[in-house]
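The next block holds one structure in the form of structure tokens; read it before the comments.
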Amino acid sequence: MTWKEFTDEVSEFLLKKNPDAVSGPVHEDTDLIREGIVNSFTLTELLLFIEDLTQSEFPIMDVDIDSLRSIRSIYENFIRATGGSEK
């Protein structure tokens, strides 16, 4: 999966999950938590979505909240770190 495909998929997911907080595509460096785009409920859904998207499983106990702060940090921590696609 390319960087563009990943950012588009995650941005679309976030828009569907929280249309009140997202008015358009989410920038890859937007702090998803601080901006209220994800909360404690949608963080779990986001992680499950990423697992489904990448066909990988990430042990919840190994997930650091900062690794889910932005689309870029998700990509860096879950795609590139596990040998996924490059940008």
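No value in this document is a laboratory result; all are computed from the given coordinates. As the structure is a prediction and not an experimental result, all values here were calculated from the model. Here the Cβ positions follow ideal geometry from the backbone for every residue, glycine too, while neighbour counts run over all protein chains shown.
Here are a few things to note about the model shown:
- Helix 3-17 vs. the chain, principal-axis angle (Cα, 0 to 90°, nearest 10): 40
- Charge dipole of the chain (Cα centre as origin; +1 on each Lys and Arg Cβ, -1 on each Asp and Glu Cβ, all else neutral): 140 debye, rounded to the nearest 20.
- Fewest neighbouring Cβ atoms within 10 Å first, the residues ARG34, ARG72, ARG80 line up as ARG34, ARG80, ARG72.
- Sum of -39500 (n - 2.57) over DSSP H runs of 4+, divided by residues of the chain (222 nm, nearest 500): -12000 deg cm²/dmol
- For the chain, the longest piece that avoids every one of the GluC sites (Glu not before Pro) found in DSSP loops with at most 12 other C-beta atoms within 10 Å covers 1-56.
- Projecting the Cα atoms of SER23, GLY36, SER11 onto the dipole axis of the chain, where Lys and Arg carry +1 and Asp and Glu carry -1 at the beta carbon, places SER23 farthest toward the positive end.
- Compared with the dominant Cα axis of the chain, that is its longest principal axis, helix 40-54 is turned about 40°.
- The alpha carbon centroids of the stretch 1-31 and the stretch 40-54 are separated by 13 Å.
- Considering only SER56, SER70, SER40, the mean-square fluctuation computed in a Gaussian network model of the chain, springs between alpha carbons under 10 angstrom, is largest for SER40.
- Gaussian network model of the chain, Cα within-10 Å springs - most flexible of ILE33, ILE74, ILE65: ILE65
- Here Cα Rg over 2.2 N^0.38 Å was computed from the coordinates, and among [x] 1.09; [y] 0.98; [z] 1.20 the match is [y].
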